[in-house]
Amino acid sequence: HDGLYERICLVSGTEWTPEGEAQWRQDLIDFYGEGADAERFCIPSRSSGAWIPAPLIEARMTAEAPVLRLELPGDYLHLDPLAQKSLMAPFLEELEEQLHLLKYQITEPRYAVGFDFARVADLSCMPVLAVEQNLKRREVFSIEMRNVPGDEQKLVVGMVLEHLKERLLGAAFDATGMGWTVAEDMGRFFGLREDEDSPGLIWAIKFTQDWYRIHMPPLKTAFEDDMIAIGADEDHLTDMRSVKVVRGSPRVPVIRTNEKGESKDKKGKKRHGDYAIGLALAHFA
């Protein structure tokens, strides 16, 4: 705006045009790629580029929190009902066992749940946090679902919420796109919650710049103050490190990684910071 490009044109003998200035500006942004926020727009970032550094994340990976993973084959919907049930049965038994173990804890904590929905490219991720007497959040388990149809996802989510409902503080759902249908159906049974004072257990969150700006920093503070404990998992570490400051707010950039944390161009099943969003939703709830 102060005439930098006009001065460049004057010195180089190039004719100034609005279109030429716009293209010059875009070329600079494209050249810096993911570093454009820091290098061109003066938005500070850590040297690693990650919102929370890896050593801090690993220092909080102290909870005994198994990851229950469910992946269904591409032809699942074409199978007969008996074959579908046989594919779901081992996971549901594992989930029931994990829920059963919660009954035998020495204390009776409150719980909070986050659910980041995906159906095709990414994972659905559901961390479950216990809120201890000193208000520290401790992950008890998490669920990851890949290529799982909506009805089966609702079955899994409903099992967890039904088991925890007597001591559930709330469950926050990604309600953008198809995620709204899961939040809505859970809201039928457990009540939709629209603000701090309204009844119901289900928060339907439609992500906005303001949501990230307001509700992500408390999660980082919990890591810094040792007020959260999560399970040790390489993929979850990668997801947490994928959160970066974008336009002044911490969020997951559009680029995807595989399950080794490499760029989307590498082979392998893709991740998109799914656990980080699920954990942020659980912490919010």
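The values are calculated or read from the model by the stated rules, or taken from the named source; none is laboratory data. On a predicted model such as this, the values are computed, not experimentally measured, just so you know. Every residue, glycine among them, receives a Cβ derived from its backbone with ideal geometry; neighbour counts consider all protein chains shown. Accessible surface is based on the protein model in full, side chains and every heavy atom, while ligands, DNA and RNA are left aside. Shrake-Rupley method; radii C 1.70, N 1.55, O 1.52, S 1.80 Å.
Assorted remarks:
- When all protein chains stay in place and ligands, DNA and RNA are ignored, the 1.4 Å accessible-area order of I57, I214, largest first, is I214, I57.
- Carbon-plus-sulfur accessible fraction, the chain (probe radius 1.4 Å, protein heavy atoms only): 52%.
- Exposure check, 1.4 Å probe, all protein chains in place: K85 carries approximately 140 Å² of accessible surface.
- Correct option for semi-axes √(5λ) of the Cα gyration tensor in Å [calculated from the coordinates] among (1) 35, 27, 20; (2) 36, 19, 17; (3) 40, 22, 18: (3)
- Derived scalar couplings between HN and Hα for the stretch 54-66 equal 4, x, 5, 4, 5, 5, 9, 7, 10, 7, 8, 10, x Hz in order, rounded to whole Hz, by the Karplus curve 6.51 cos²θ - 1.76 cosθ + 1.60 (θ = phi - 60°), x for Gly and Pro.
- Rounded accessible area of K269 (nearest 10 Å², 1.4 Å probe): 100
- Using θ = phi - 60° and Karplus 6.51 cos²θ - 1.76 cosθ + 1.60, couplings along the stretch 205-212 (whole Hz; Gly, Pro as x): 9, 9, 4, 9, 4, 5, 4, 4
- The antiparallel fraction among DSSP beta bridges confined to the chain stands at about 50%.
- Computed log10 I(q)/I(0) for the stretch 25-152 at 0.09, 0.11 Å⁻¹: -0.46, -0.64, from the Debye equation with unit scatterers placed on every C-alpha and solvent omitted.
- Cross-link pairs beyond the 24 Å C-alpha cut-off, checked among K206/K244; K103/K165; K206/K269; K154/K244; K85/K165; K85/K270: K206/K269; K154/K244; K85/K165; K85/K270
- Highest average packing first - 169-177, 146-154, Cβ atoms within 10 Å: 169-177, 146-154
- In terms of accessible area, using a 1.4 Å probe and ignoring ligands and nucleic acids, R167, R60 rank largest first as R167, R60.
- Estimated [θ] at 222 nm from DSSP helical runs (n ≥ 4, -39500 (n - 2.57)) normalised by residues in the chain, nearest 500: -12500 deg cm²/dmol
- Highest-fluctuation residue, I29, I202, I230 considered, GNM on the chain with Cα pairs under 10 Å: I29
- Once the 1.4 Å probe is applied to the protein heavy atoms, the stretch 73-190 comes out at 49 Å² accessible per residue.
- For E64, net neighbour charge (Lys/Arg +1, Asp/Glu -1) across residues whose Cβ lies under 15 Å away: 0
- Each of F117, F41, F189 has its accessible area taken with a 1.4 Å probe; listed largest first, they run F189, F41, F117.
- Of D195, D239, D116, the one that fluctuates the most in a GNM where the chain has Cα springs shorter than 10 Å: D195
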